[in-house]
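The values are calculated or read from the model by the stated rules, or taken from the named source; none is laboratory data. Source: prediction; values computed, not measured. In this analysis, Cβ positions are derived from the backbone assuming ideal geometry, glycine residues included, and neighbour counts consider all displayed protein chains. Ligands, DNA and RNA are stripped out before the accessible areas are found, and what is left, the full protein with its side chains, is counted by its heavy atoms. Shrake-Rupley method; radii C 1.70, N 1.55, O 1.52, S 1.80 Å.
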Amino acid sequence: MAKVIVVTSGKGGVGKTTTSAAIGTGLALRGFKTVIVDFDVGLRNLDLIMGCERRVVYDFVNLINGDSNLNQTLIKDKRCEKLFILPASQTRDKDALTEDGVERVLNELKETFDYIVCDSPAGIEKGAHLAMYFADEAVVVTNPEVSSVRDSDRMLGLLASKSRMAEKGEKIKEHLLLTRYNPERVENGEMLSVSDVEDILSIPLLGVIPESQAVLKASNQGVPVIMDEASDAGQAYGDAVDRLLGEEKPHRFLEAQKKGLLQRLFGGR
C-alpha cells in the first residue's frame with residue numbers, strides 16, 4: 001500500500017521544496033517508486049528544483065479538472081528511473097484544488113506508487129490543508145529560529161486536528177527536520193540548538209541539515225541536493241531518508257568544526 005508523506009511547515013522559505021525533492025529522490029534511489037506532488041498552486045517551484053521546468057505540459061489542476069490523464073501529466077525524472085514529478089499550476093488560484101479532486105488523484109497514484117511525497121505550500125490556507133489532509137506521515141521542516149519553530153508548532157496542531165487520520169481518531173506519524181543549522185551560530189547564541197527545538201516541538205528528530213552553499217548550488221542547477229553525495233547537506237538528507245525507512249543512524253554535523261592552527265592564524269574557514 002502506498003504511503004503518503006506531507007512535507008510541511010507554517011513559515012515560508014524554510015526549505016520545504018528542497019526537502020521534498022531530496023526525500024522523494026532519496027526514496028527512489030533506494031528502489032521505491034516515488035512521485036513528488038507540488039501543491040503550491042500559483043507559485044510552483046518543485047519543477048525548478050528538479051530541473052524539469054521545460055517539460056511541464058499539463059499540471060495538477062489539469063488532472064483534477066479532467067483536462068489530462070495521469071500519463072500525460074506525470075514527468076519522469078531523467079536521472080532516476082523510479083522517480084516522477086506531478087507539477088502544480090502556475091496560473092491558477094489555490095482554490096482550484098478541491099478535496100474530492102485531490103483524493104481522486106491520490107487514489108490513482110496509490111495504485112502504482114510506493115511513496116507519494118506532497119510538497120506543501122507555506123501557511124495554513126487551502127493548499128496546505130489539502131496537502132496534509134490525506135497524509136500518513138508528516139515531515140515538519142523548521143529553521144532554528146523562534147518564529148519558524150512557533151509556526152511549525154501551529155502546523156503540528158493542525159495535523160493533530162484537521163487531517164483525515166485525526167478525524168478517525170488516529171495520529172499521523174510526525175518527524176522533525178531541522179534545516180539551515182549552523183553549530184557556530186548556536187554556540188554564539190544566534191540560533192536555537194537542536195535540543196531547544198526538540199523541547200519545544202516534542203516530535204522525533206528525523207534529520208539536521210547543515211547550512212550549506214551546496215543547497216543553493218543544487219537548486220540553481222535543478223539537481224536535488226541529495227544527489228551531491230560529497231556535500232554535508234547531501235549526506236544529511238541521505239541519513240534522513242534512511243531514518244525515514246527505519247534505519248538507526250547517528251546525527252552528524254551538530255558540532256562546530258574546530259579550526260586548525262593555519263585557519264586560526266589566517267582567518268580561514
message: Within the chain, what whole-number % of the accessible surface is contributed by carbon and sulfur, with the 1.4 Å probe and all protein chains included in the calculation?
response: 46
statement: Ranking I49, Y115, T179 by how far each Cα lies towards the positive end of the charge dipole of the chain (+1 on Lys and Arg Cβ, -1 on Asp and Glu Cβ), the top one is I49
message: With a cut-off of 8 Å between alpha carbons and a minimum separation of six or more residues, what is the relative contact order of segment 1-123 in percent?
response: 46
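Show that you can apply the helix-only estimate: for the chain, add -39,500 (n - 2.57) for every DSSP H stretch of four or more residues, divide by all residues, and state [θ] at 222 nm to the nearest 500.
One gets -11000 deg cm²/dmol as the mean residue ellipticity at 222 nm.
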query: In percent, how large is the relative contact order of the chain, given Cα pairs closer than 8 Å and 6 or more residues apart?
result: 23
- prompt: What residues qualify as long-range amide H neighbours of R180, i.e. H under 5 Å apart, gap of 5 or more or another chain, H built at 1.01 Å from N?
  reply: I209, E211
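Write out the GluC sites (Glu not before Pro) in segment 128-219 meeting two conditions: DSSP loop, and at most 13 other Cβ atoms within 10 Å of their Cβ.
Those satisfying the criteria are E170, E190.
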task: Take M227, M1 and sort them by solvent-accessible surface of the protein heavy atoms, 1.4 Å probe, largest at the top.
output: M1, M227
- request: Any chance you could run the full-extension gain for D242 through K110? It's 0.36 nm times the residue separation minus the Cα-Cα distance, nm to one decimal.
  value: 45.3 nm
